[in-house]
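Presented below is the structure to which this report refers.
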Amino acid sequence: MRYFEDLSPSTGGREPRAWLRSSRPRIDLNGSWSFKLWDGAPDGIPTVDESWGALTVPGHWVLQGHERPRYTNTAFPFPIDPPYTPDANPTGDHVRTFDVPEYWPVDGAVLRFEGVDSCFKVWVNGIEVGTAKGSRLPSEFVVGEHLRPGRNLLAVRVHQWSSGSYLEDQDMWWLPGIFRDVTLLARPLIDDVFVHASYDHLTGAGTLRVETVPDAVVRVPELGIVAAPGESVAIDAVEPWSAEEPRLYDATVDVPGETVELRIGFRTVAMVDGLFTANGRPLFFRGVNRHEHDERRGRAMTVEAMRQDLVLMKQHNVNAVRTAHYPPHPAFLDLCDELGLWVIDECDIETHGFIYTDWRGNPADDPDWAPMMLDRMRRMVERDKNHPSVVIWSLANESHRGRNFGTLAAWTRERDPDRAVFYERDRTYEFSDFYSLMYPPLEDLEAIGTRTEDVPDETADRPDLEARRRALPFILAEYAHAMGNGPGGLADYQRILEHYPRLQGGFVWEWIDHGLLLPGATDHVYGGDFGERLHGANFCIDGLLFPDRTPSPGLLEYKKVLEPIRITGPDPLTVHNHRTFTGVDDLTLVWSITTDGTEVASGHLEAPDISPGRSADLPTPAAPFSTDEQLLTVRAVLAKDTAWAAAGHEVAWAQFPVEPPAAPAAAEAAEAASVLEGSPTAVLLEDGEVLRLGGGEFDRATGQLTRLFGHQVDGLVLDLWRAPTDNDNGQGGRNGVTQEWRAAGLDRLLHRVESVEVQDDGLLVRARVAPEGLGLAVRTTYRWRAYDDQLQLTVDVQPEGEWAGTAVTPRCGSWPRVGVRMTLPRTLENVQWYGGGPGESYADSRETARVGRYECTVDELQTPYVVPQENGARTDVRWAELTDADGNGLRVTGAPLFQLTARRWTTEDLETARHRSDLTPRDHIYVNLDLAQNGLGSASCGPPTRDSLQVAPYTYTLGFHAVKPRSAGPEDHQIP
Ligand code: IPT
């Protein structure tokens, strides 16, 4: 059997060990290598000739112009024929020379690969030294005897497919290659180090024991420790490590000729009374699932991008990361130690594609595969065992139930009893210290919180296992599928997660969109873009970051709902500390009061020190008198710079309406007068085919608005449609609403004006809005009136006919939106509004929208989802203006609120576009003024949306005004 198809994990390699920062000499072998791609696995030793090209290592050849990347979600892109691979097994030969200096200690030197996807063989100076599998794990070969001073030749043959691929069916791009660092290390004298650093929260004492080679000396200068290997040293008082205060102590391990540098964090994790604790306190994970992804480099991550990920997580109140679904580059965990994140380190095992054999032949349940699986677990645990940030070992993802997990869990517990073990997919949870699920509906989560969940089928006749499972704490391994526009509903999940102690937090799926930018391209590609027959489409474009690492609105919403400090009020104004370990003395509280969006007062509040879990009341700032809308905004910001944000960075905020002091009678009267009820002040003029009312001109025959305060407008009609989001579409048609919306014809509504009635006080247009081919309809009236400088429109909507469904017509229970659409001249491209912002918001993703005055251009209102879909709505808008460069334009007011969307393309353009570049600006601006939109949800992989916009009668009112040039208010917020 060929080595890449056998079940041996690797041959000729060294035993796994920790990733160490050593003083021993090393030669960096990253850089430009010679490269040749073969269709299948060639024989013989790679030999460079003129047909070879160059390739950058670390890197994936498919992202450097050789063949193409491939994306499938669950399906293996080869027959399920374990352990075999198809003959067409792309194989990349990589060759480079390197110089070993005369003085360099070749004896016992080790060649180390941090990650090669998926199987490789290595030759040094023409001598085969070994093979390895396990893409996201290190391999080491002793090569010293084959080296010589001067020029040496290194050849690596990488097979895209191997028996190992059956264990690597993660939902991500298939990206072969030497994608992590390659290094030649002088013989390690300190072979391995295992740090055990615990913390006793009752006494504040620490214990340190470092296992390493016999003659080494362990030093922690700051603590005055000089210890022998294996010696247990008690320290009376240490500062513990936590994600909130990631205190690290520099340490060294020395032998003559080698120093290893360590950063030690003292912390103890334990299960106490059915809860997972660190340093004596139950942890609460505000987490994300993170794949390694770079839009150009794939999984060949730079350290800068890793740091950027973690800085962004910290800035967005994320405190935990699950390394979905494989061990990350080792430098990532160093950064987690340094910046402070709790880590679930997940092994490189996923056999998901066996769903297509109904799990027949699943390697996880086949003892023949146990050695290969255990090899992976050992390589992860040994490599990462010294990171205080890693608190949980995850055996795998999505590999069903299998006996081999028992082997992995037993070995792990034996080797490292000081951490917990996690595996989600085995419904008995026999080998896991946690109960866990993915994407449950809220009701299920609530039942788990109260321990009233249904018994899983798998434990129904195993009372012993069921009793064990029911006692376990719960982690929500994945939820809130952030595909496209969404997720919605984060606040609902958070409320439940925080309410029940058994629920120890969750991990949103997922951190970053996997869109790839191929050389020279401007659009991000996803599955199907190369005409592949089997692919996962855009299912991996489901992150909180866009592929270029710009935060999406979903991440901003997550930041808000995760706030570890909560501010409630306004009277009493209370600050709640939801942190686990630390007080709030790193924060400053600042407040401001705005009147109609303009700041009129501001100040600081002295925050008393509040211990974790406690709260304190503060004096509510007093507002000056006003009859206009007044809002108090209180923000908790960092008082000092940290490693991940500068002083002033906002951690939490809240906004409250200010109750004005009792208003003097005159002011009340003034306020009453501004309410637009009673008699209209302008009358309708008939002028041939044109009707004039206030600033509006209408077509006599159709009742259509044609001009507004001199600006040409078109097509102001009822609109119920939006470009479906990925979450509207559901998963394979399940749980989504798009199908139902299309079945009800909402994507093909036609309008028939029934009457244009000129009335004493205005114009009444009655219309029937109904889909092609169906009998249902929406009776719509547009009532126009004019008051002084305002033209007012009241839209009344009455559903009629078979919305509830009949034997032949499916039920349609919700509408995408209720509002009007209209077309404006393209020059009215400057937008100002007073309402929710600065970014988009939707019914179930609006916690982060703050009421204020904002301005930007129509182009800047767009959210650049990789796959175009509904986006960019601003909610709770009191008024909005669209003006041209000279300041002429229109103002729209709500009564009191509306939702604004404006773009240079139509909803239909947005709906049919598959990539950003499919959207071409048209000659107009298309504006939607809505009463409401359907929620977003996360049904692309999850339960149906809860915040649905019911099919029902609605009435709402808008006012239109002219805008003339004036100077902008100095307080207007700019969208950054
Ligand atoms: C879950 C996978 O674990 C994850 O890798 C990803 O594919 C996610 O779904 C959806 O994007 S599997 C879950 C649907 C049972």
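The values are calculated or read from the model by the stated rules, or taken from the named source; none is laboratory data. Bear in mind that the values here come from a model prediction, so they are computed numbers and not experimental data. In this analysis, Cβ positions are derived from the backbone assuming ideal geometry, glycine residues included, and neighbour counts consider all displayed protein chains.
Of the residues making up segment 27-34, one or more are more than 30 Å from HIS524 (Cα to Cα), exposed (fewer than 12 other Cβ atoms within 10 Å of the Cβ) and modelled with pLDDT of 95 or more. Return yes or no: is PHE266 part of a loop (DSSP other than H, G, I, E, B), out of contact with any His (no Cβ under 9 Å at 6 or more places or on another chain) and in contact (Cβ under 8 Å) with a residue 60 or more places away in the chain? Answer is yes for this residue.
Among the candidates GLU346, GLU295, the residue that is over 16 Å from the mean Cα position of the chain (by Cα) and modelled with pLDDT of 95 or more is uniquely GLU346. Any residue at all in segment 166-173 that is outside the structural domain of THR47 (by TED's automatic domain parsing), under 40 Å from the mean Cα position of the chain (by Cα) and away from the ligand (no atom under 16 Å from the Cβ)? Taking every residue of segment 166-173 in turn, none turns out to be outside the structural domain of THR47 (by TED's automatic domain parsing), under 40 Å from the mean Cα position of the chain (by Cα) and away from the ligand (no atom under 16 Å from the Cβ). Is it true that some residue in segment 81-104 is under 18 Å from GLY353 (Cα atoms), away from the ligand (no atom under 16 Å from the Cβ) and of a type in the set (D, E, K, R)? Yes. Taking first residues from segment 1-25 that are outside the structural domain of LEU262 (by TED's automatic domain parsing) and partners that are of a type in the set (A, V, I, L, M, F, W, C) and part of a loop (DSSP other than H, G, I, E, B), the Cβ contacts under 6 Å between residues at least 6 apart in sequence or on separate chains come to ALA18/VAL193; ARG24/ALA186; PRO25/ALA186. Residue count for segment 332-371 under the criterion of being hydrophobic (A, V, I, L, M, F, W, C) and farther than 20 Å from MET172 by Cβ: the result is 8.
Kindly establish whether GLY484 is among the small types (Gly, Ala, Ser), within 16 Å of the ligand (Cβ to nearest atom) and in a strand (DSSP E or B). Considered against the rule, which asks whether it is among the small types (Gly, Ala, Ser), within 16 Å of the ligand (Cβ to nearest atom) and in a strand (DSSP E or B), GLY484 comes out as no.
Matching residues to (1) surrounded by fewer than 23 Cβ atoms within 10 Å (Cβ to Cβ); (2) closer than 30 Å to PRO58 by Cβ; (3) hydroxyl-bearing (Ser, Thr, Tyr):
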residue: PRO246; (1), (2), (3): yes, yes, no
residue: THR252; (1), (2), (3): yes, yes, yes
residue: ARG263; (1), (2), (3): yes, yes, no
residue: THR268; (1), (2), (3): yes, no, yes
residue: GLY274; (1), (2), (3): yes, no, no
residue: VAL288; (1), (2), (3): no, yes, no
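With respect to the stated conditions, ARG307 fails to be charged (D, E, K, R) and either within 16 Å of the ligand (Cβ to nearest atom) or assigned to a loop (DSSP other than H, G, I, E, B) (or both).
Please verify whether THR452 is within 19 Å of SER399 (Cα to Cα) and polar (S, T, N, Q), treating the condition exactly as stated. Against the criterion (within 19 Å of SER399 (Cα to Cα) and polar (S, T, N, Q)), THR452 does not qualify. Scanning segment 500-522 for residues that are outside any strand (DSSP E or B), within 16 Å of the ligand (Cβ to nearest atom) and over 20 Å from GLY489 (Cβ atoms) gives HIS514, GLY515. Against the definition (within 19 Å of THR955 (Cα to Cα) and in contact with a strand residue (DSSP E or B) (Cβ under 8 Å, 6 or more places away or on another chain)), how does GLU800 come out, yes or no? So GLU800 passes the test. Against the test of being over 11 Å from the mean Cα position of the chain (by Cα), β-branched (Val, Ile, Thr), under 26 Å from ASP433 (Cβ atoms) and assigned to a strand (DSSP E or B), the options ILE496, ILE475 yield a single qualifying residue, ILE475. Within segment 691-715, the set of residues being β-branched (Val, Ile, Thr) and surrounded by 15 or more Cβ atoms within 10 Å (Cβ to Cβ) comprises THR706, VAL713.
Would you point out the residue of segment 23-54, among those that are among the hydrophobic types (A, V, I, L, M, F, W, C) and not in a strand (DSSP E or B), that is nearest to GLY115 (Cα to Cα)? This residue is LEU29. Only residues that are of a type in the set (Lys, Arg) and within 17 Å of GLN790 (Cα to Cα) were counted in segment 863-882, giving 1. In segment 743-806, counting only strands (runs of 3 or more DSSP E) that sit wholly within it, the ones holding 1 or more residues that are within 17 Å of ALA701 (Cα to Cα) span 749-759, 762-771, 777-787.
One residue stands out among those in segment 538-580 that are more than 16 Å from the ligand (Cβ to nearest atom), of a type outside the set (Phe, Trp, Tyr) and within 20 Å of ALA913 (Cβ to Cβ): the one that is surrounded by the most Cβ atoms within 10 Å (Cβ to Cβ), which is PRO553.
Taken over segment 336-364, residues that are in contact (Cβ under 8 Å) with a residue 24 or more places away in the chain and surrounded by fewer than 20 Cβ atoms within 10 Å (Cβ to Cβ) amount to 7. Just name the residue that is nearest to the ligand (Cβ to nearest atom) out of those in segment 174-202 that are of a type in the set (Ser, Thr, Tyr) and in contact with an Asp or Glu (Cβ under 8 Å, 6 or more places away or on another chain). It comes out as THR183.
Hey, any hits in segment 241-249 for a residue that's in a strand (DSSP E or B), outside the structural domain of VAL651 (by TED's automatic domain parsing) and out of contact with any Pro (no Cβ under 9 Å at 6 or more places or on another chain)? No, every residue in segment 241-249 fails to be in a strand (DSSP E or B), outside the structural domain of VAL651 (by TED's automatic domain parsing) and out of contact with any Pro (no Cβ under 9 Å at 6 or more places or on another chain).
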